[in-house]
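Structure record follows, encoded as structure tokens.
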Amino acid sequence: MADKKKDASGVAKKPSTKKAETAAGATDAPALDGKQIFAVLRVRGLSGVSPKQKHTMLMLNLKRSNQATIVKHNISYDGMLKICKDYITWGPISREVLVKMIAKRGRTGSAKISADEAGKMADALLEGKTLTEINLNKNFRLSPPSGGWKQKKRRYPQGDLGPRESMDEILRRMI
């Protein structure tokens, strides 16, 4: 077994590299509890998408631009979002916008959803259920944002790609 390096006082040194810090358990990433939900929105189309990114977006049920879905914030989805970061934007969504999006753009098969049902479905999603568990289509077909996109090729806040602090503003413009 290799001896750990010690300083002059005989105490083991702390890891000095980022790789060693990560292996020791120190990371900059926020804790993922799986209780927060994210809205994921596809911003860009098909042109120039690598096969890995295309497959990942299909697993997220984002087949076309201006489609959105709701996912739990956990380590699995976090990795998928980072793979597709050049084509999508994502962030937490408030209950108010979620209810509005379900009522206006949500579908159960081909039927529309009433405002009362939308509130119940939003509460179920916030409690941790998935879209299929509450019998809701896996994606929401949205309109392009009124006022247009800021910049489709730059990251947020200069553009519209990547993670956001809140998805409410962009989704209100698209519902």
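The values are calculated or read from the model by the stated rules, or taken from the named source; none is laboratory data. What you are looking at is a predicted structure, and each value in this text was computed from that prediction instead of being measured. Methodologically, a virtual Cβ is constructed for each residue, glycine included, from the backbone with ideal geometry; neighbour enumeration extends over all protein chains shown.
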Test: residue in the range 141-156 that is among the hydroxyl-bearing types (Ser, Thr, Tyr), within 16 Å of residue 67 (Cβ to Cβ) and exposed (fewer than 15 other Cβ atoms within 10 Å of the Cβ): yes
Helices (runs of 4 or more DSSP H) lying entirely in the range 56-159 (those with 3 or more residues that are within 15 Å of residue 40 (Cβ to Cβ)): 75-83, 95-105
Residues of the range 164-174 that turn out to be modelled with pLDDT under 90 and surrounded by 15 or more Cβ atoms within 10 Å (Cβ to Cβ), as a count: 1
Some residue of the range 160-169 being of a type outside the set (Phe, Trp, Tyr), in contact (Cβ under 8 Å) with a residue 12 or more places away in the chain and in contact with a Leu (Cβ under 6 Å, 6 or more places away or on another chain): no
